[in-house]
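Take a look at the structure below.
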Amino acid sequence: MSQLNQQARGMRWSNAGCLPQPHSHPGVTDMQDCLSQELNRLLTDEKITTLLQPIVNIEKKNVFGYEALSRGPSDSTLHGAQMLFETAERCGLTSELDGLCLRTAARSWSGQGTPLKLFVNVSPAKLMPPEFNPSQLQELLETNRLKASDIVIELSERYPTADPSELLKTLSWLKAEGFLIAIDDLGSGYSGLKLWSELKPDFVKIDRHFIRDIQDDLVKREFLRSVVELADRLGCKLIAEGIETDAEFRVVAGQGISLVQGFLFGRPKPVATACLDALVVKPAQTNKLPRQETAGSL
């Protein structure tokens, strides 16, 4: 799940206090100034928390990996991901925030002591020159005793890329180094199948819009069926995001998708846990209390 919001793309702010456009209301200006100050304090003090949400393998009935989701301080206006990343975009500080989130996620994952895959969201801007720094990335891995093959770089298709050729160069380097690549939010934005064909990702994550109430929506089921067929031909693994009910899960599983993510299997938490009841209990019995498992026991 991408942490940015596409509405923020239509707004541009300067680094100097996130100055708004001339037509902004004075009250809005005051609010944005406060958010700017709060963001700068957060970045200076490195007050970011990593939460982990499980990605479950239906066929093997176990946890395949976790997505790292970043949050601001619990008592801050910037606690939620949407407000946090929108504010960073408006202030021209997305790259700084991305870097902090990556460092925090790496430290958190290193402390979990699990060999599973870690999925991390990275904005296209962070992967473009001059922001992308291979030596810093290697240092981050070494410091936290992680391997490139442990990490899946999630690139959202919600946002256009200024220079696709440069982005593809970086992604080719990452794959050569052993990193895995995922396209996030398929069906939600600008590039869609074009990005898929050019990037040749290891994983494609289907946007939650196409999963929500899919059991009642023929169009969504047909979309899912066509994506499954394409992924089979291209040798790419699909991940269905946003599964919240057993009915949604049954449809997704029936289409042959083996990797799933959503509240049905666990909400984002500071520790790597998962609920696997939906995989082993009959649908009529899913009202039982969920069985919690830690990553170390999987």
(message) How far apart, in nanometres, would the label points at LYS61 and ASP216 be if each is projected 7 angstrom from Cα along the Cα-to-Cβ direction?
(response) 3.1 nm
(request) Treat each spin label as a single point 7 Å out from the Cα along the C-beta direction, and report the HIS209 to LEU168 distance in nm. (result) 2.6 nm
(request) Pull up all non-local amide H partners of SER156: gap of 5 or more, or a different chain, and H-to-H distance under 5 Å with H placed in the peptide plane. (result) VAL122, ASP184
(request) Would you mind getting me the FRET efficiency between CYS34 and ARG233? Use the beta-carbon distance for r and R0 = 41 Å, nearest 0.05. (result) 0.20
(request) Within the set of other residues whose C-beta is less than 11 Å from the C-beta of LYS126, count the net charge using Lys and Arg as +1 and Asp and Glu as -1. (result) -3
(message) If I model a spin label at LYS194 and LEU146 as a point 7 Å from the Cα along the Cα→Cβ vector, what separation in nanometres do I get?
(response) 3.1 nm
(request) Hey, can you find the accessible area per residue of region 64-223 for me, probe 1.4 Å, expressed in square angstrom? (result) 43 Å²
(message) Strictly greater than 12 Å: what percent of every Cα pair in region 45-91 meets that?
(response) 68 percent
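The values are calculated or read from the model by the stated rules, or taken from the named source; none is laboratory data. Predicted model only: the values in this text are computed from it and were never measured. Using ideal geometry, Cβ is built from the backbone for each residue, glycine included, and neighbour counts are taken over all protein chains shown. We work out accessible area using only protein heavy atoms, side chains counted, and drop any ligands, DNA or RNA first. Shrake-Rupley method; radii C 1.70, N 1.55, O 1.52, S 1.80 Å.
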